[in-house]
Structures are given as C-alpha cells and as structure tokens.
Amino acid sequence: MRGGRSRRWKPFRALLRIRTAERDAHELATELREAVRIRDEFLTIAAHELKTPLTSLQLQLDSLANALENAPSAGPKSMLLGKVDTAIRQTTRLAVLVDDLLDVSSITQGRFAIHPEEADLERIVRDVVSRFSSEAARVGCALTVETPGPVAARVDRLRIEQVCENLITNALKYGCAKPVHAQLTATDSKARLIVRDGGIGIAPEDRERIFGRFERAVSANHYGGLGLGLFITHRIVEAHGGTIHVESELLQGSAFVVELPRAPIQAEGPSGKPSA
Ligand SMILES: Nc1ncnc2c1ncn2[C@@H]1O[C@H](COP(=O)(O)OP(=O)(O)OP(=O)(O)O)[C@@H](O)[C@H]1O
Ligand SMILES: [Mg+2]
C-alpha cells in the first residue's frame with residue numbers, strides 16, 4: 001500500500017526536482033549576468049579613475065623633459081634625461097593599457113563606435129612607423145615601411161592608427177630583434193596592410209584564438225601584456241567592413257594581414273554595425 005502511494009508520487013517528485021533545478025539554473029544565470037555587469041562597470045570606472053592622475057603625470061613629465069632639454073649644465077643632464085625618458089615610456093605603456101581596458105568595456109557593453117572620414121592610409125602608416133622608430137632602435141629591430149603613394153580611404157583615422165600601433169608593437173615585442181616590415185598596397189576598392197616580423201611565430205592551434213579577449217599564446221613570465229591588442233584590432237577592422245588574419249610558422253615569424261574597403265562605408269552605429 002505504502003509502496004503503491006510512493007510509486008504514484010514518483011513522477012511528481014521528479015517533476016518537482018526538474019522545476020527546482022530549472023529555477024536554480026535560472027537564478028544562477030541571473031547572478032552570473034549581474035556579476036559580469038558589475039565587473040564591466042568596475043573596469044570602466046577603474047579605467048577612468050586611473051586615467052586622470054596618469055594624464056597629469058604625463059604632462060608633468062613632458063614639461064620636466066622640456067626643462068631638462070633646455071637646461072644649460074651638461075653634467076647630470078643626460079642621466080636625468082635618460083630617467084625621464086624611461087618614466088615617459090612607462091606612463092605611455094600604462095596609458096595604452098588603460099585605453100585598452102576602456103575599449104574592451106565599450107566593446108563588451110555594445111558602445112563601441114567608429115567615426116569614418118576621408119583619410120590617406122599612406123600618411124597614417126608612415127606616421128605610425130616613424131613614431132615607433134626609437135622603440136624599434138631600442139629593441140634592436142630594423143623597422144621599414146613600403147607604400148605605393150597616397151591611398152585615399154574613408155576610415156576612422158585614430159582607430160586605424162591604433163590598428164597599426166598594435167600590430168607594430170606586437171611585431172617589435174615578439175619579433176626577436178629581427179627586421180620588421182610594414183607594407184601597404186591598394187587596389188581601386190581595397191587597401192591591404194601587412195606587418196611582417198621574423199620572430200617567435202604562432203602555432204596553428206593558436207592562430208584563431210589570439211584574436212579573442214584576454215587570449216595569449218605566450219608565457220606571462222616571458223612577455224608582458226593583457227591579451228587585448230588583437231581583440232580590439234579585430235573589432236576595429238570588422239567595424240570598417242574589413243578582415244584580419246595571420247600567416248605564421250613557429251620560430252619563423254608572422255605576417256598580420258589587414259584588408260580594408262576604400263569605398264565610403266555607412267555611418268557606424270554603437271555596435272560597430274552600419275546603422276539603419
Ligand atoms: N607578431 C607576433 N608574433 C608572435 N605572436 C604574436 C604576435 N602578435 C601577437 N601574438 C600572440 O598573440 C597574443 C595576443 O596578442 P595581443 O596583442 O592581443 O596581446 P598581448 O600582446 O599579449 O598584450 P597587449 O594587450 O598588451 O597587446 C600574444 O600574447 C601572442 O601570444
Ligand atoms: Mg599586443
């Protein structure tokens with residue numbers, strides 16, 4: 001009798017267990033979403049907070065460097081200039097990290113937008129390369145650039161500069177002090193930028209995932225970084241209607257290939273997709 005009753009209740013108990021599990025899963029998903037939202041919000045606030053003192057520190061260092069440059073006595077001047085130079089490089093690095101964190105939070109929160117305007121890609125690439133000449137000399141890399149002449153395109157100038165900066169930074173960082181070459185070519189409809197190095201290379205299984213957020217294929221003990229540069233680069237290129245991929249052999253170097261449409265593209269909405 002008791003066994004019969006218990007058998008009768010069995011399906012209800014099973015159903016109850018399923019309902020409870022469903023409710024738990026739903027609550028867990030809500031909690032996780034909330035935790036992710038809080039983390040993203042924290043990143044945005046922390047990055048903004050870091051940015052203010054950093055900008056003021058950079059201004060102070062710049063004016064100190066100028067004052068030293070114009071100081072009359074030669075004695076400790078070069079030693080001080082060297083120290084200020086290191087401090088400027090470190091604050092610049094810190095500023096890039098903070099900007100990357102801000103970019104990532106705007107991408108993950110769907111607020112990322114580009115602002116295309118008429119620009120000359122040759123000018124952009126050559127300017128970035130020349131800005132990196134002292135860093136290339138510091139790490140012992142010969143950095144060269146090749147362009148076909150002016151390449152007019154409708155792009156977000158600052159964002160495309162950021163693409164070049166990220167690719168050249170990586171080429172110098174992972175390039176084992178071998179030559180780095182930036183090459184721009186163009187057809188009527190497309191522009192192609194290739195940044196080639198002769199460094200550590202990338203294993204086949206890592207060539208896709210390195211474009212993901214926080215994804216890295218090197219040991220943190222050997223190379224610093226957050227694994228954000230290529231994630232942001234990929235989003236910028238995608239927002240322009242372009243593509244990026246890498247061709248590489250382990251220990252033989254890498255070539256990052258960016259293709260961008262030159263023709264005017266529609267104004268971009270916050271998600272990076274053309275707005276209606
Ligand atoms: N030129 C390159 N040669 C070899 N490996 C590379 C190269 N560029 C990128 N990688 C690999 O891809 C990973 C992701 O690159 P990404 O630029 O996104 O991050 P990161 O350089 O580690 O840090 P950061 O956020 O400072 O840029 C790197 O950690 C590295 O493993
Ligand atoms: Mg990088």
Please work out which one of (1) within 10 Å of ligand 1 (Cβ to nearest atom); (2) free of Cβ contacts under 8 Å to residues at least 60 places away in the same chain; (3) within 18 Å of residue 105 (Cβ to Cβ) is the condition residue 226 fails and give its number. (2)
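Can you spot a residue in the stretch 162-174 that is more than 14 Å from ligand 2 (Cβ to nearest atom) and out of contact with any Phe, Trp or Tyr (no Cβ under 8 Å at 6 or more places or on another chain)?
The initial filter retains those residues of the stretch 162-174 that are more than 14 Å from ligand 2 (Cβ to nearest atom), namely none.
For the stretch 162-174, residues more than 14 Å from ligand 2 (Cβ to nearest atom) and out of contact with any Phe, Trp or Tyr (no Cβ under 8 Å at 6 or more places or on another chain): absent.
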Of the residues in the stretch 84-103, how many are of a type in the set (Lys, Arg) and closer than 15 Å to residue 64 by Cβ? 1
Subset of the stretch 247-276, residues at pLDDT 95 or above, within 28 Å of residue 150 (Cα to Cα) and open to solvent by less than 20 Å² (accessible area, probe 1.4 Å), comes to 254, 255, 256, 257, 258, 260
Among the residues of the stretch 223-236, write down those that are more than 13 Å from ligand 2 (Cβ to nearest atom) and open to solvent by 20 Å² or more (accessible area, probe 1.4 Å). 235
Kindly indicate whether residue 220 is away from ligand 2 (no atom under 12 Å from the Cβ) and without any contact (Cβ under 8 Å) to a residue 12 or more places away in the chain. yes
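Give the number of residues within the stretch 105-145 that are hydrophobic (A, V, I, L, M, F, W, C) and part of a helix (DSSP H, G or I).
8
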Filter result (part of a strand (DSSP E or B), among the small types (Gly, Ala, Ser) and either out of contact with any Gly (no Cβ under 6 Å at 6 or more places or on another chain) or within 13 Å of ligand 2 (Cβ to nearest atom) (or both)) within the stretch 242-260: 254, 255
Of the residues in the stretch 153-185, how many are within 16 Å of ligand 1 (Cβ to nearest atom), basic (Lys, Arg) and within 28 Å of residue 113 (Cβ to Cβ)? 1
Please tell me if residue 239 is within 18 Å of residue 103 (Cβ to Cβ), of a type outside the set (D, E, K, R) and away from ligand 2 (no atom under 15 Å from the Cβ). yes
One residue is enough: does the stretch 196-215 have a residue meeting the conditions in a helix (DSSP H, G or I), in contact (Cβ under 8 Å) with a residue 12 or more places away in the chain and open to solvent by 20 Å² or more (accessible area, probe 1.4 Å)? yes
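Could you tell me how many of the residues in the stretch 146-184 are closer than 23 Å to residue 93 by Cβ and not in a helix (DSSP H, G or I)? Let's see the steps before the verdict.
Start the filter on the stretch 146-184 by keeping residues that are closer than 23 Å to residue 93 by Cβ, which leaves 157-178, 180, 182.
Now drop any that are not not in a helix (DSSP H, G or I), which leaves 174-178, 180, 182.
Residues meeting the conditions: 7.
Suppose the filter is at pLDDT 95 or above, open to solvent by less than 50 Å² (accessible area, probe 1.4 Å) and within 20 Å of the chain's Cα centre (by Cα); does residue 184 pass it?
Values: at pLDDT 95 or above: yes; open to solvent by less than 50 Å² (accessible area, probe 1.4 Å): yes; within 20 Å of the chain's Cα centre (by Cα): no.
Judged against the criteria, residue 184 is not a match.
The values are calculated or read from the model by the stated rules, or taken from the named source; none is laboratory data. Bear in mind that the values here come from a model prediction, so they are computed numbers and not experimental data. Glycine gets a Cβ as well: all are built from the backbone with ideal geometry, and neighbour counts include every protein chain shown. SASA here: full protein model, heavy atoms, side chains in, ligands and nucleic acids out. Shrake-Rupley method; radii C 1.70, N 1.55, O 1.52, S 1.80 Å.
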